[in-house]
Structure formats: C-alpha cells, structure tokens
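Please treat every number below as a calculation from the coordinates, not as lab data. Here the structure is a predicted model, which means the values were calculated and not measured. Heads up, the Cβs are rebuilt from the backbone with ideal geometry, glycines too, and the neighbour counts pull from every protein chain shown.
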Protein chains: 2
Amino acid sequence: MPNDIPRTLKVLWGLEERRTRGPQPALSLERIVAAAIEIADRDGLLALSMARLAERLGSAPMSLYRHVADKDELLVFMQDAAPGEPPELPAGWRAGLHTWARALQAVYYRHPWILQASAGRPPLEPGQLAWLDRGLSAFDGTPLNSRERFQAVMATLYYVRGEAQIFAVLLSGGSGVPGDATRSAGSEGSADGFGEIISALVTADRFPALATVIADGLFKVETEDGAFDAGLARLLDGIELLVSTRS
Amino acid sequence: MPNDIPRTLKVLWGLEERRTRGPQPALSLERIVAAAIEIADRDGLLALSMARLAERLGSAPMSLYRHVADKDELLVFMQDAAPGEPPELPAGWRAGLHTWARALQAVYYRHPWILQASAGRPPLEPGQLAWLDRGLSAFDGTPLNSRERFQAVMATLYYVRGEAQIFAVLLSGGSGVPGDATRSAGSEGSADGFGEIISALVTADRFPALATVIADGLFKVETEDGAFDAGLARLLDGIELLVSTRS
DNA sequence: TCCTAACTGCGTATGAGATACGCATCGAGC
DNA sequence: GCTCGATGCGTATCTCATACGCAGTTAGGA
C-alpha cells in the first residue's frame, strides 16, 4: 500500500531514508525551498526559475536537481512549507473557524503564488493536512458528524481561497491590470481603478442587476476586510443552523 | 476615462474599431480562441503553445500575433469566451442561485484550465460579468441591498471555484497524482486512491481530528455531487437567514 | 484606373527556461 | 587506504514566446 505513494509525498512525510555517505552537502532541501518561497513571495511565481533560484543560493542550476526531482516537485514542497503551523483556535466552533479562516487568508495574502501553483487534487501534504486537521478540530465537542464537519471546513476553505484568488495579489502589491503599470507607484495595492473601469463598461441595458449594484457604489465604500467577514458570516450562519438542528 | 482601459478589454467590449483595408483575413480572433479552448480542454493548459495552436489552425506561429498581443491576452480572451451564456434562472432566489452555482460548476468541470489561468483581480470581461449579472439577478425582488446581494453571489462564486479547483481536473479525467500514471487506465477519473493514500499517511497522534473523520470513511460513501450540494446548502441557509431577517 | 496606405501572413532569429547525461570529487565505513 | 554511494555542476538539447522585417493584398481616393 505504501508503494502507491509517489516519491514526492514520501519525502514530505519523512518516509525516504537519508543516506550518510558522500561529501558534506552544500545545499539542502530546506534551504532550496526557503529560497524558492522567498523569490515567489517577492517577485511572483513567474520570476521563479531554476536558474534564478540557483543564483540566489550561490550554486549551479543543475545542482538543485540532486535535491528535487523537477520543478513541479519543488512547487509541491513549497506549498507544503509556506503555510507554516496553523494557529491555536479559541474556544467555540464559530470563533475557532473564524480565526482559522482569517489565518488561512493571511497565508494566501503572504504567499499568493500558492493559489496559482496548487494542484487539482485533494491535499495530501502534511503541511496542508495540518491546517485541515486544525480546522476540523474547531468542531470538537460539537454534535456534527464527520461528514458535516468535513463539509463545513471545506466550504470555509473554498471561501477563503476564492476570496484570496481575486484579492491577494492585488492587495499585497502585485500587478493587477489597470494601467498595467506592474505596481502602481502611489497607492500600494488597492482595488481602486477597477471601480472606474467597471463603471465605464457596464451598462444597465446589458447587465441590469450588475449595473444597479455598481451604481450603489460597491467598489468604494467598504474595505475588503469587511466584505470578507460579511460573506464568511453567511456561511457560518448556515453552519450554525445545522449545529443547532443537531443539538 | 476610457483611456485607462487596456487594449485587451477594449477588444473584448468591442471598443476597438476594425479597419477594412488589407487582404481577406484567413485567421480570425474567434477561430483562434475557439481552437485554443479546444486544445486546453482536451490536453490541458500546458499543452497549449502558440506553435501547437498555429498548427491546429493550419497557419504559422507568428501569424497568431496579428490577432492577439501575446499569450496572456489570448488566455484572457479564452476565459471570456469559454463560459458561454449563463443559464436562465428559475423563480425564487434560492432555486435561482443553486441553478447558477451548478451551471458554473459545469463550466469549470468542462474547462478546468480557467481556474489555473485566472488573473488575480476582479472580473472585467463581458463574459464573466454576464455570469455575475445573472447571479445577482437571482435576488431581484428580494429585500437584500446591493452590498448584501453582491457578497452573497461572490461567496457562492468562491464556493464553486474552490470546489472545482480541487475536483474538476480529477473528475473530468485529468491526471491527479496517485500512481502518477497521467490518467489511470481503469476508472475514468475518480477520487479513489486518495482515500487509500491519505489513510496510510494520517495518524491519530499527529492529526487527531482529521484521523477521526477519515476513519468514518469520508472518501468512500458519498458522491462528490452530493458533497457539493451539501456544502452549498450551508451557505444558502446562511443567506436565507439574512433574507428572512430583512423581510 | 491606378496608387498607396493599412493590413495580413509568416520566415528568421533570439533568448529564456527546464532538464538529460556524464564527469569529477568527496568521505564514512570496511 | 579503498570503495561505493553521494554530491556539485559543465555541457548540450529541446521547447517556447516573441521581436523584426519583408512581401503580398485590397479598399478607397487621386
């Protein structure tokens, strides 16, 4: 059964034995992954090439391949390491899940490339699963059954990822589109400009419902933080309804 | 004001005038985009190169650049066109939003590459906005205000995208990870294998909450369809609570 | 009617990037 | 000291996106 486990996961879970033969390694998986995360954080995933990474580490490009099968594997390692330890959760499932969601959001805002790199499959890396476990733990002592807990946490995960996918790069200073200036000089990251563009394009005859919403000034009043919590509150309300049904 | 609008958007919104001088175009933006979507659907985003695309169209690679500024622009055009028209919604905001979510899910399952390609910014393309508008229209006649409607629809969008990002490639037949066989011969796409791998790796001492959930057989019993609706129901319940508060 | 400017298609060339292959070197344990 | 399993890395190959410029095409004005 452990034979079906791909090499990448074996390494992550510490199932691969380390030999102690050759010369003192100048490189290590940890150093490589840390440097790669640094580059991706600062300059985006596109800026992360094996050559640039090697340069940062003071080694030759091909040396990296002694520690990493290929670039895809490196990306998996990065995604495993970048989130770090999940936070301690306060008592009460709702407060706990909210804290969890916020912490996860912070992860994605700090490492927006995770959302571009993530594979189309359930999480299997220990780093990811630690967060999932922590999220599930919010429901300890709750009448929800396993399936309900899992669905609640996954729904929250989806919400956080969806929000971050749209706003993370934007608000943490990356290049959106307006003007295309690859980092607008003045306001370090904001969703302004989108309001203007969208207002100029959306007309009531073609998009009536949207035009109304825009006319009400959606893109000006609220901070994205407020919007995040407001949308999340709907989901938590729904979960609360289920919890009280089971009680 | 329309000056701040990047060329890509101008083309999409039909704001760019077409000249009528030169020879009969053998290529057209529509043909290019359609062929590109076809390739990405069938073989994945990685298989979409300008060379392969040109070959499919029976032209030379550089010819494409007469119609598309660069590959990024092509991806934006593809994302605008692929979803097609949003569905008509049944009466009642809840039924409407549910129908909308399902249709959107189908879009992502049919075109999983959209989620890999999507830019980190609010949607500005007419194709995307048509869907957003349709989603918002579900709340016509409802006591919710603009902000509440918008947040409800965005939350639903996040949910759908999050779910699809994990399961779309998987269930529509792409390569997940287990075995790495780039398309397991037998069962055309399924989440099996993940259950086995995850059970083998997750231990109660390290991930207690997760281990319990897994022990209860999460990865076997339910169809992903059922799970999708169940999680979505939580969100809709929460929205319903808000609606009834406002009534 | 013919000329020309605005287009179109595309051949060639460049430069980035991932990575296969094989050599030279190192050092723990026999 | 020898040896075998590492390690670092130079070189070479292949895939890609895309800049540049030439050549053919045609609508509309002279």
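How long is the gain from B:Arg102 to B:Lys10 if the chain were fully straight, where each residue apart is worth 0.36 nm and the alpha carbon distance is subtracted? Could the numbers behind the result be given before it?
Working: separation 92, 0.36 × 92 = 33.12 nm, distance 3.04 nm.
Between B:Arg102 and B:Lys10, full extension yields 30.1 nm more.
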| query | Do the sum for chain B: with -39,500 (n - 2.57) for every DSSP H run of n ≥ 4, divided by all residues, what is the mean residue ellipticity at 222 nm, to the nearest 500 deg cm²/dmol? | reply | -18000 deg cm²/dmol
| query | Using alpha carbons only, how many degrees (0 to 90, rounded to 10) separate the axis of helix A:126-137 from the longest principal axis of chain A? | reply | 40 degrees
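Using +1 on the beta carbon of Lys and Arg, -1 on that of Asp and Glu, and nothing else charged, what's the dipole of chain A about the Cα centre, debye to 20? Intermediate results must be reported in sequence, preceding the final value.
On the way: 24 positive and 31 negative charges, 164 e Å.
Dipole of chain A, to the nearest 20 debye: 780 debye.
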| said: How long are the semi-axes of the equivalent ellipsoid of the range A:2-81, taking √(5λ) for every eigenvalue λ of the Cα gyration tensor, in whole Å from largest down? | reply: 22, 17, 10
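List the trypsin sites (Lys or Arg not before Pro) in the range A:4-69 that DSSP assigns to loop (not H, G, I, E or B) and whose Cβ has at most 13 other Cβ atoms within 10 Å. Which are they? Provide the component values of the computation, followed by the final result.
Working: sites: A:Arg7, A:Lys10, A:Arg18, A:Arg19, A:Arg21, A:Arg31, A:Arg42, A:Arg52, A:Arg56, A:Arg66; in loops: A:Arg18, A:Arg19, A:Arg21.
Of the trypsin sites (Lys or Arg not before Pro), the ones in loops of the range A:4-69 whose Cβ has at most 13 other Cβ atoms within 10 Å are A:Arg18, A:Arg19, A:Arg21.
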| How are the C-alpha pair distances of the protein assembly as shown spread across 20 Å bins, as whole percents from the shortest bin up? | 21, 56, 22, 1
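Based on the Cβ-Cβ distance of A:Ser49 and A:Asp229, what FRET efficiency does E = 1/(1 + (r/R0)^6) give at R0 = 35 Å, to the nearest 0.05?
On the way: r = 38 Å, r/R0 = 1.09.
Working from the Cβ atoms, E equals 0.40.
Per the Cauchy relation, a quarter of the hull surface: what is the mean projected area of the convex hull of the alpha carbons in chain A, in nm²?
Details: hull surface 73.2 nm².
Projected area, direction-averaged: 18.3 nm².
Quote the charge dipole size of the range B:2-81 about the Cα centre in Debye, to the nearest 20; the model charges only the Cβ of Lys and Arg (+1) and of Asp and Glu (-1).
Values: 11 positive and 12 negative charges, 73 e Å.
Using only the charged Cβ atoms, the result is roughly 360 debye.
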